[in-house]
Structure formats: structure tokens, C-alpha cells
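Participant: The structure that follows is given in the form of C-alpha cells.
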Amino acid sequence: MWHVPARVAERARIVLVCAEGASNTRVPADYRVSTETVRKWHSRSLTGGWHSARQSVRS
């Protein structure tokens, strides 16, 4: 079984639903995060792919 930190799982969900076409205003309501959080992770995924989002995890 894989252990994925909750923050990474949240980022993955945000990136995936945005990639499927969900709007940056709809996602915060559905996932109970701020609009800024959605914009940040969606933008990072577009500029650097999932690898860049994964690299941003703090220890």
C-alpha cells in the first residue's frame, strides 16, 4: 500500500479536476480550498507538470 501525504493527494485532485475542465472558481467550492490554492496548483501543473507540484512538498 502506498502512503501519500494529504497535501499531495489534495494537489493531485485539484490538478486532475482542472485538467478535466473544471473552472478555478468551481473547484474551491467542491474541495473546500481557497481560490488562490486552486490557481496556484493549476498554474504550477501547467508550467512544470506534476513533477513540479510533487517537488514543492515541504518536509
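Participant: Name the residues in region 1-36 that are of a type in the set (Ser, Thr, Tyr) and assigned to a loop (DSSP other than H, G, I, E, B), would you?
Facilitator: Going residue by residue through region 1-36, those that are of a type in the set (Ser, Thr, Tyr) are 23, 25, 31, 34-35.
Residues satisfying the conditions are 23, 25, 34.
Participant: Under 9 Å between Cβ atoms, at least 6 apart or on separate chains: pull out the pairs that start in region 27-38 with a residue that is closer than 14 Å to residue 12 by Cα and end on any residue that is of a type in the set (S, T, N, Q) and open to solvent by 80 Å² or more (accessible area, probe 1.4 Å).
Facilitator: 38/25
Participant: Given the structure, is residue 54 surrounded by 11 or more Cβ atoms within 10 Å (Cβ to Cβ) and at pLDDT below 80?
Facilitator: So residue 54 fits the description; yes.
Participant: Got a sec? Which of 2, 41 is among the aromatic types (Phe, Trp, Tyr) and loosely packed, with under 13 Cβ neighbours inside 10 Å?
Facilitator: Of 2, 41, the one residue that is among the aromatic types (Phe, Trp, Tyr) and loosely packed, with under 13 Cβ neighbours inside 10 Å is 2.
The values are calculated or read from the model by the stated rules, or taken from the named source; none is laboratory data. What you see is a predicted model, and the numbers here were worked out from it, not measured in a lab. Quick reminder, even Gly has a Cβ in these numbers, built from the backbone with ideal geometry, and neighbours come from all protein chains shown. Areas reflect the complete protein model, heavy atoms only, side chains present, ligands, DNA and RNA absent. Shrake-Rupley method; radii C 1.70, N 1.55, O 1.52, S 1.80 Å.
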